[in-house]
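Asks: The structure follows.
The values are calculated or read from the model by the stated rules, or taken from the named source; none is laboratory data. Note that this is a predicted model, so its numbers are computed, not measured. All Cβ positions, even for glycine, are placed from backbone atoms using ideal geometry, and neighbour counts span all protein chains on display.
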Ligand SMILES: Cc1ncc(COP(=O)(O)O)c(C=O)c1O
């Protein structure tokens, strides 16, 4: 017997892992106060940018010791700015277990061509051995591997007394997971992820040790203006007060503010994490009772609560076909696995997604699987 097509669609079928769903209730009206057609360096514009920084600090619980800046180029810009500005004076350890970690490995080995680089890699679904990491080196890693749905379980593997810098790409973790700020020297994220902002700018948080590295001497390479955080050998503090390096989108800044104000209204970081966990729990319950699907993450302690990645097991159904069917029906957008990841499904469970919409999605997944499996059987 075939699985009946569900009667009810998710109210918002937006389950993309970036750009992620807008916050519930969002409309263009939310941007009506944007500082448009004016200089971002005028008092009102600079004030908006400073407010993005200030509200981000509060929601995330960033310690006073850490600086925070808005930088160009979304999360990639923030990560590359950090790699180009900071690496080179010490040996480096790169951790990679999915596509984005691999991108940073390529940056460091093929573009920066640093000499003493050790790469610790793991396949999709696993983590490299975190206990083997050599903290006399600078260490680069993503907190949550968005394309494999595998995250580090916590910060216990990062020592307080590390000699190298902990450089963390946290774009699908910030605002959704507990980040141990005292153990992270560089943390990056973008506006388009957990708070559902627009793809535009990156955020770069620096610990005092990262600032000390910047001020210890210039990076051993030419730096484009877009990457320059120091002036006369000292940190350019104005960048961390909202005087961005170049011109930002004030429309996107307004949207980022809207997301932050919503985050405060639902209980700040605890509220955001609770929503994400509730979404991931509902999805996991379905995974656990469904025979043809399994987590790509091998260890439950490393399962992402934002980018949940699933593989199909013992079924002829093609996940790409399932994703297309669900898009055609308006039941789920953008849930095919990442282009470089093993074939599968990826369902965003961050805070801007409503748990009711995850619940409404589940019968659609069963339906799409049934259709795709039948088609595959017929074709074989
Ligand atoms: C872990 C991680 N790093 C980097 C990126 C790239 O982000 P952006 O496109 O905002 O530069 C992403 C995007 O999904 C990501 O998930």
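Asks: Looking only at the range 148-165, decide whether some residue is within 15 Å of the ligand (Cβ to nearest atom) and surrounded by fewer than 24 Cβ atoms within 10 Å (Cβ to Cβ).
Replies: Yes.
Asks: Right, something else. Sort out which residues of the range 252-293 are free of Cβ contacts under 8 Å to residues at least 24 places away in the same chain, farther than 26 Å from residue 313 by Cα and in contact with a helix residue (DSSP H, G or I) (Cβ under 9 Å, 6 or more places away or on another chain), and write them in order of number.
Replies: Residues satisfying the conditions are 265, 267.
Asks: Continuing with the same structure: Quick check on residue 218: is it modelled with pLDDT under 95 and surrounded by fewer than 16 Cβ atoms within 10 Å (Cβ to Cβ)?
Replies: So residue 218 fits the description; yes.
Asks: So is residue 285 at positive phi and out of contact with any strand residue (DSSP E or B) (no Cβ under 8 Å at 6 or more places or on another chain) or not?
Replies: Criteria not met by residue 285.
Asks: Separate question: Before we move on, is residue 217 touching a residue at least 24 places away in the same chain (Cβ under 8 Å) and more than 25 Å from the chain's Cα centre (by Cα)?
Replies: Yes, satisfied.
Asks: Answer with yes or no whether residue 39 is closer than 17 Å to residue 238 by Cβ and over 26 Å from the mean Cα position of the chain (by Cα).
Replies: Criteria met by residue 39.
Asks: Have a look at 187, 211, 140 and point out the one that is over 28 Å from residue 257 (Cβ atoms), more than 10 Å from the ligand (Cβ to nearest atom), outside any loop (DSSP other than H, G, I, E, B) and assigned by TED's automatic domain parsing to the domain that holds residue 256.
Replies: 140
Asks: Here's something else I'd like to know. Just wondering, is there one or more residues in the range 268-280 that are touching a strand residue (DSSP E or B) at 6+ places or on another chain (Cβ under 8 Å) and modelled with pLDDT of 95 or more?
Replies: Yes, the range 268-280 contains a residue that is touching a strand residue (DSSP E or B) at 6+ places or on another chain (Cβ under 8 Å) and modelled with pLDDT of 95 or more.
Asks: Could I ask something else about it? State yes or no: is residue 211 surrounded by 17 or more Cβ atoms within 10 Å (Cβ to Cβ) and in contact with a strand residue (DSSP E or B) (Cβ under 7 Å, 6 or more places away or on another chain)?
Replies: Answer is yes for this residue.
Asks: Six or more apart or on different chains, Cβ atoms under 8 Å: show the pairs whose first residue is in the range 226-242 and free of Cβ contacts under 8 Å to residues at least 12 places away in the same chain and whose second is exposed (fewer than 14 other Cβ atoms within 10 Å of the Cβ) and not in a loop (DSSP other than H, G, I, E, B).
Replies: Listed pairs, sorted by first residue: none to list.
Asks: Output the residues belonging to the range 57-83 that are more than 16 Å from residue 191 (Cβ to Cβ), part of a helix (DSSP H, G or I) and away from the ligand (no atom under 15 Å from the Cβ).
Replies: Within the range 57-83, 58 is the sole residue that qualifies.
Asks: Does at least one position in the range 104-125 carry a residue that is more than 14 Å from the ligand (Cβ to nearest atom), touching a residue at least 60 places away in the same chain (Cβ under 8 Å) and closer than 26 Å to residue 156 by Cα?
Replies: Yes, the range 104-125 has at least one match.
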